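Everything on this sheet refers to the single structure shown next.
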Amino acid sequence: MATQDLRENAEALITAEGQLFKAESELADPSTGKSATDAKLQQLATALKHPLLAEYPRWQAERRYITAVTSAVKTVANQLADAVDGIDTADLFPSALDPASPNADLLQPLASVKKGVDQVLATLKTESQSRLDGLTQPLTQKVADWQARFRTKTAEYAQFIKGLPSGDVKQAEASRATLAKRLEHLSGLERQAAKLGARITELKDARTRLLAQLRGARTDRFRKRAARAAQWEAALAGGIGIKILQGAERTDYRAYIHQLAEGSYIRQQDLQTIAQSVDPITLADRLLGHQVSQLARETGLKDDIISRFVAQVHIPAESVHRFRLKARSDSGAIRAKLTSPIGVE
């Protein structure tokens, strides 16, 4: 039962640790992680609050105002000129009076009226243009001074815009929205990672209890076997000695360690020492925790040997969890008088 529970625990740990690794990797990414995203967002938000971004549109409004005033004056002058030019006095006035008319002498002055009207219209056109020019000419220098200021402000604005993403305010605003959305996602991922961390702690605590149960079950099994062996030995009246060795059958365990260390140039004798000195559960914990000094003490091997072993034996976390379940079987030794012990299953 403990073994099945441990398998389920291992699978749950594998899933949770995989999800946590993925979440933490995304959160810690130097370019797109939470710290980087938050820094970019703060920098962009600060830039978009710069007074120049609020001020420069008002300069542009002033430019439009000046242009509109100047254009209006020109339009009025043109419309006045067009209006005067559109008056056709030749069409409006009649032809000359017949000299034989009975009152020709009396009406003679009327013949000069058209000429006078033409003069009035010409004067009106000239004077209106002159008076309109008189309205704008005093402002020419002020407009020139403003244009000099505007060029300076435009250069300052252009330099500032270069520092924004893609050199465009609208795109900078879009980038800010994208970064804010990204930061919201990462904050949620951070909360998820915290929950996963708590879940992994629970699973590890459960694993510790289950491993203790597994060790206890194996110890109980060994004691029963040892007791049975003692009964058999007693029944044989001491003619044959029967001894049960706990966890002494390491053939599969040694083979697995040799397989993991293949190509590491670690001596076979040292690998056998590791298999002989620590059980699978302990070895799995040491490998996962990179506990070189502790494993060196437990095996009696030098630190540099264990360091190479831990560094070169790359076991994924999921394999380590399953590796803990590998058992070293008990073995028995039957000894007759004057014979050497023979290992049996």
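Read the figures in this text as sums done on the coordinates, not as results from a lab. This one's a predicted model, so the numbers in the text were calculated from it and none came from an experiment. Here the Cβ is made from the backbone with ideal geometry for all residues, glycine too, and neighbour counts use every protein chain on show.
The listed peptides 286-295, 40-49, ordered by packing as a protection proxy, come out as 286-295, 40-49 (highest mean of other Cβ atoms within 10 Å first). Within straight-line reach of K115, meaning a Cα separation under 28 Å, sit the following lysines at least 8 residues removed in sequence or on another chain: K125. Residues of region 111-143 with the amide nitrogen closer than 12 Å to a label point 7 Å from the Cα of V84, along Cα-to-Cβ, please. Those under the cut-off are 118-133. Counting every C-alpha pair in the chain, the share spaced more than 33 angstrom apart comes to 66%. Taking Cα atoms only, the orientation of helix 268-277 departs from the longest principal axis of the chain by about 80 degrees. Residue exposure proxy: R223, R308, ordered by other Cβ atoms within 10 angstrom of their Cβ from fewest to most, comes out as R223, R308. When only alpha carbons are used to place a centre, region 190-224 and region 1-62 end up 32 Å from one another. Compared with the direct C-alpha span, the chain from R191 to A61 gains 42.0 nm at full extension, assuming 0.36 nm per residue. Contact order, relative form, for region 1-224: 47 percent (alpha carbon pairs under 8 Å, 6 or more residues apart, mean separation divided by residue count). Peptides 25-36, 87-98 ordered by packing proxy, namely the average of other Cβ atoms within 10 Å per residue, highest first: 25-36, 87-98. Measuring r between the beta carbons of A158 and Q19 and using R0 = 56 Å, the FRET efficiency lands at 0.70. Taking 0.36 nm per residue of sequence separation and removing the Cα-Cα distance, the A311/T3 pair yields an extension gain of 108.0 nm.
Round to the nearest 10 and give me the degree value, 0 to 90, for the angle of helix 303-312's Cα axis relative to the longest principal axis of the chain. Approximately 60 degrees, to the nearest 10. Applying 1/(1 + (r/R0)^6) with r as the Cβ-Cβ distance of D38 and S166 and R0 = 25 angstrom yields a FRET efficiency of 0.75. Helix 51-85 versus the longest principal axis of the chain: what angle, 0 to 90°, nearest 10, using Cα atoms? So the helix axis and the longest Cα principal axis differ by about 30 degrees.
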